[in-house]
Amino acid sequence: MEKWPVGVFASIGAGLGVSLEVVRELGIQSVQLCCPHKEERTEANAAAFSAKMREMGVTISVVFCDFEGESYATIAKTRETIGLVPPELRESRKEEIREIADFAKLLGCDAIGIHIGFIPHDAGSADYQDLVSVMRELAEYLENQGQRFHLETGQETAEMLEGFLNAVDRKNIFINFDPANMILYGSGEPIPALKKLGKWVRSCHCKDACWSSNPRVDWGREVPFGTGDVDARRFLQTLKEIGYDGPLTIEREIPAEPERQKVEIQQGKALIESLKKEIL
Ligand code: MG
């Protein structure tokens, strides 16, 4: 398989990702897919969608979880609503992740991506231990289907995420490394984090951001890939150093401005293609 195929974060219908029409127009052949809503995750839809992917020559590298009620409006809202961390939502979302994994399997995809949320800081707390045991249950479910679980970076420092992965200790749990999220959430410099977490990185987002003046309290600002504080060249050089050879999936989270989103993804693709020539 081609090393570092350029990908894009896409969705069926609504969501943060671009539409399939844009995927086709940009000539991109690898996507991460934001999972459709519950009622659309049917066998018939999976079959129709798979057929469309085959016709377009597009591979789905990761299916990303997206839950009702999640909000990224502020860092505080994110803390309350995202992923598996809110204790009152943990059971129902655990069930839903199984359903999403089943849907991904119908699509022939062997990786599920998720923002699990802000992991509790006290590794000795009952809440942390419960989260670890839920992750183990899910890892086992995915393992039985030949699937992996990719945790998105951002909410934690590299050290905390490493501690959590070691605590969960399952061989099919990996990382989707998003360098911009480290900056947006104020969780640390992305390049050292990528080096530290390298052995777990099985997918990534090519996304960029500028640091907030009040990190960890206010969001940083997401900007087109190659124009922010990530340092795109060093990011790709470091991916090479850690031996990463999967897709380089561009993420540009401005769904309200689809035309600008498309142009900036196209520019990101051109940048990645030129950096690939230089670095690979
Ligand atoms: Mg991301």
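Residues in the range 140-150 that are crowded, with 21+ Cβ neighbours inside 10 Å and either within 11 Å of the ligand (Cβ to nearest atom) or part of a helix (DSSP H, G or I) (or both): Leu142, His150. The residues of the range 254-280 that are in contact with a strand residue (DSSP E or B) (Cβ under 6 Å, 6 or more places away or on another chain) and either open to solvent by 20 Å² or more (accessible area, probe 1.4 Å) or basic (Lys, Arg) (or both) amount to a single one, Lys269.
Look at the range 49-60: where a residue is under 11 Å from Gly108 (Cα atoms) and among the hydroxyl-bearing types (Ser, Thr, Tyr) and a partner is surrounded by 11 or more Cβ atoms within 10 Å (Cβ to Cβ) and at pLDDT 95 or above, sitting 6+ places away or on another chain with Cβ atoms under 6 Å, you get Ser50/Leu107; Thr59/Ser30. For the structure I just gave you, tell me whether Glu96 is among the acidic types (Asp, Glu) and either within 17 Å of Gly17 (Cα to Cα) or over 18 Å from the mean Cα position of the chain (by Cα) (or both). The answer is no for Glu96.
Checking each residue in the range 157-174 for being within 16 Å of the ligand (Cβ to nearest atom) and either at pLDDT below 95 or assigned to a strand (DSSP E or B) (or both) picks out only Phe174. For Asp218, indicate whether it is in contact with a Ser or Thr (Cβ under 6 Å, 6 or more places away or on another chain) and farther than 21 Å from Trp4 by Cβ. So Asp218 passes the test. Would you point out the residue of the range 77-117, among those that are farther than 21 Å from Arg202 by Cα and within 16 Å of the ligand (Cβ to nearest atom), that is surrounded by the fewest Cβ atoms within 10 Å (Cβ to Cβ)? Ranking the qualifying residues of the range 77-117, first place goes to Thr78.
Here is a yes/no grid of residues against (1) touching a Phe, Trp or Tyr at 6+ places or on another chain (Cβ under 8 Å); (2) in a helix (DSSP H, G or I); (3) within 16 Å of the ligand (Cβ to nearest atom); (4) at pLDDT 95 or above:
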site: Ala14; (1), (2), (3), (4): no, no, no, no
site: Glu21; (1), (2), (3), (4): no, yes, no, no
site: Leu33; (1), (2), (3), (4): yes, no, yes, yes
site: Ala48; (1), (2), (3), (4): no, yes, no, no
site: Val63; (1), (2), (3), (4): yes, no, yes, yes
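Gln266 fulfils the conditions (1) of a type outside the set (Lys, Arg); (2) more than 13 Å from Val6 (Cα to Cα); (3) at pLDDT 95 or above except for a single criterion, (2).
The values are calculated or read from the model by the stated rules, or taken from the named source; none is laboratory data. If you're wondering where the values come from, they're calculated on a predicted model, not measured in any experiment. Methodologically, a virtual Cβ is constructed for each residue, glycine included, from the backbone with ideal geometry; neighbour enumeration extends over all protein chains shown. Ligands, DNA and RNA are excluded from the accessible area calculation, which covers all protein heavy atoms including side chains. Shrake-Rupley method; radii C 1.70, N 1.55, O 1.52, S 1.80 Å.
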